[in-house]
Structure formats: structure tokens, C-alpha cells
Amino acid sequence: MGLFSLFRKGKLDDIVDEDEAYARLAADSELLRQPDQSQLDLQRDIARATVLKIDAIEAAMAADIFADPEPAFRRPPRPRPAHPAPDDGATLPLLDEAVTELQGDDETPAEAAAAERAPAVEEAAILYADGRVDDACALLAGAIASQPRGDRTIWWMLFDLYQLTNRAEAFDSLSIDYASTFETSPPSWNGALAEEAGAYTGVTPTATLAGVLDASAAPQIARFGDIAQGAAVLRLDFSRVTAVEPEGCALLVDALRIVQRGRELMLVGAGELLAQVKGIVDVGRRDEGEAPWLLLLELLRLLNREKEFEEASMDYCVTFEVSPPPFTPPGKVASTPRQLAAPAADRYLLPRQMTGDAGDVLAGIRAYADASPALVLDCSRLARMDYGAAGQLLALLTELAADGRRIEFRELNHLTAALLRLLDFGAVARLFPHRY
């Protein structure tokens, strides 16, 4: 009697034949090896949910590690004059508002004021302006090593210097030291500072988008094409977008594909807009349609975040069961964080280098001043200015400011900002370094 004859179900005639049992077992095994499609889909869904849960746990742990907010930097407000100047219709009304993005009337944090006049800051600015990059690096690194918990201006100067000279490994090492010293998130790498930008310098038309990005934003988006006509460089400012809806996403993604053809783009607040778009998409949910996903992918492409683009493409494919658009390098695209207090006026884009005779640039600035009641000099591309060019520029701005004209430098790197403060540019213009 075989093994299976030992198993009974009540009566003797219910004994299962051994050969029949083996046949049933083989059939069951075959079924186990070939699960149906619904089982496979369920397993994939469980795996994806597990991955998303792990990502959420890791994000929460990271938030706990860097939970302490960075100290707020603000200079005590100065008393306003008894008879403020009347509004002349200039394009800078928001500059007098006490908002977080502004650092006070002198654009300098209270805790940083002394450091910016400290010997290490001034000497590093002079060395860099003179082209002695390695000496400036050594000086700033030594100042940080001797007093790591001192003012952060020196840290920011060294972060800028590493980015401007494309020293990614040194930047990463400094980021670790910064995070452990101040117990807060370090600055992020900005590839635009390291890259050689295009040769264009001059007036940069600005198109802005404000409010809720929905169907009602159509007139604003339609202006993108009008403003872009004949422009070699177009600046798109998304700083004031407060929310996004699928209808607006569809309008914007089409406009972005059109305006970037044959010209350079300068994006302001694109990273913050990307975060808002991420908030309205979910893997597997098709309620809002494809437009938010397509805008998400287009913003990731323009920001040159290829890895994130690939991950989002996979989610898009799973959600809509279609192939995602391919990743193509964005070309000439620069990006800066949102600037809620910055004016929306057209700006004059300064070149990457201002050294020696700056006659051509000065002529362009003078022509820009003739057509503009307020001068906004865009320094997002400016890497270095030497003493000769700075002296020529100061003479021109002193002349232009004599009639009460308002002048600003925006998005200065911290090395150049220190140089301009040292040369007393603050007497004729407001200086706004980019923020970390």
C-alpha cells in the first residue's frame, strides 16, 4: 500500500488512488507556476505601494534630522523719512515692503553685517576679482576652519566659488560640514553657475505668471508668445503662482514648448512650480488627465533633472499605459529660485565676465537707462568683475543715479556682492545677492 493510501475520508472505499493523487499534485504545481494576470497586477501594485511607503518613511526621517529651521536673518528696520518720495511710476514698488525675500534696506542680514566688512571677506573678494581663485579658496576655507560657527557669509562665498569653478566634490564636502555645523539643510548645487552661458547680454524681456494656474490664466500665457517675439533670451517668472489646475497645466506645457524654440530661457521659480504640480498627481489616478503629468515631465526636463524625469516617466507609463515623452537635454536654460519681492520689469542681463574695458556693456546699460525709469541689472550669469570694470560701472551708475533714478543689482554671487560693497556701490544702488 502506497503512502497516499494511509489517508482516509471516513470509509474504505474513499481511499484515494496513489497514481491519481500524484497526477492532481502535478496539475496543482503547474497552476502555481503560472499565476493569472490579475495576480501579477496585484503583486506589482503591492510592490509599488511598498516602495512608496519606504520613500515616505525616509522622507519623514530626513525631515526630522533637518527639522530645526535656519535662523531668520533680518536687519532692524530703519526709520522712514518724514516725507517719503512720491511714487514715480517706476517698476519697483514691492522693494519697500518688509517681506521675507528681502533682507532689509541694505540687503544684508544683521548677523552678516560685521562679517561682510571683516578682513577675510574683503580679502577674498579682492583675490577673486584679481583672478586668484585658488588663493581665495584657501583663504575662505581657512576662515571657516578657524571659526566654523561664525557668520555664514564666508560659507556662502565659498559655496559660490566652488560652483563658479565647477568643483562639485569640494562643494559636496563643504555641504556636509555646513549641515553638521548649523544643523540645517545645506545649499543645493546650481549647475547654471558652473556652466558657460550664452554670449547674449542686454535687455531681457520678462513674462510673468501669477495667481491660480487654471483656465483663467490663458491671457497671461498667451502673452508669452508676444513678449518672446524677436527676443534672443526670454525670462519666465513663475514666482507668484499660488496653485495649479489641470486646465492651466495644459495651456502652460504647450506654451513652454513653443517659446523655447530658438532662444534661451531664464526660469524663475520653476522648482517651486514643479513642487505644486507634483502635489496634484498620483500614480494610477487618471482623473485630472495627462496635462499635469506632461507639465511635470517638461519642467523636470527644463531643469535638467534626468533621474527624476526617468522616475516620473515610469509612473506616467503605469498610470496611462502609454509611452512617455523622451528626455532631451534642455539646451540653453537657466533657473533661479522664486523671487516674490522682485520686480517684474525687463532686466539688463550682465555678461559672465566683466574685465578690463567694459565699454560695450556700459553703452548697453546707458541705452537701457534711457528707456527705463528704473534699472534692474540681472547678475544671475555674472561670475566675476575685476577692479577696472567695476570702477567704470560705478562711474556710470553714479551719473545715472544723480537724478534720483532707482538702480538694483539682482542675483549677485556673494563674492561679487562683497566686492561691490567694498567699492561703495551701495551709495548709488541696492545690492541683492542670491539667497541660500
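Brief remarks follow.
- Qualifying residue in the range 261-270 (condition: on the phi < 0 side of the Ramachandran plot, in a helix (DSSP H, G or I), among the charged types (D, E, K, R) and touching a residue at least 40 places away in the same chain (Cβ under 8 Å)): no
- Scanning the range 356-410 for residues that are under 13 Å from Leu420 (Cβ atoms) and of a type in the set (A, V, I, L, M) turns up Leu377, Leu382, Met385, Ala389, Ala390, Leu393, Leu394, Leu397, Ile407.
- Being touching a Ser or Thr at 6+ places or on another chain (Cβ under 9 Å) and farther than 29 Å from Arg381 by Cα holds for only one residue in Arg240, Arg235, Arg286, Arg301, and it is Arg286.
- As a summary of the residue check, Pro343 satisfies the conditions (1) assigned by TED's automatic domain parsing to the domain that holds Gln260; (2) at pLDDT below 90 except for the one numbered (1).
- Taken together, Ile176, Ile154 contain a single residue that is surrounded by 23 or more Cβ atoms within 10 Å (Cβ to Cβ), among the hydrophobic types (A, V, I, L, M, F, W, C) and either within 25 Å of Cys379 (Cα to Cα) or without any contact (Cβ under 8 Å) to a residue 24 or more places away in the chain (or both), which is Ile154.
- Boolean, Ala270 is of a type in the set (A, V, I, L, M, F, W, C), out of contact with any strand residue (DSSP E or B) (no Cβ under 7 Å at 6 or more places or on another chain) and crowded, with 21+ Cβ neighbours inside 10 Å: no
The values are calculated or read from the model by the stated rules, or taken from the named source; none is laboratory data. Predicted, not measured: the structure shown is a model, and the values here were computed from it. Counting neighbours? That spans all protein chains shown, and the Cβs are built from the backbone with ideal geometry, glycine included.
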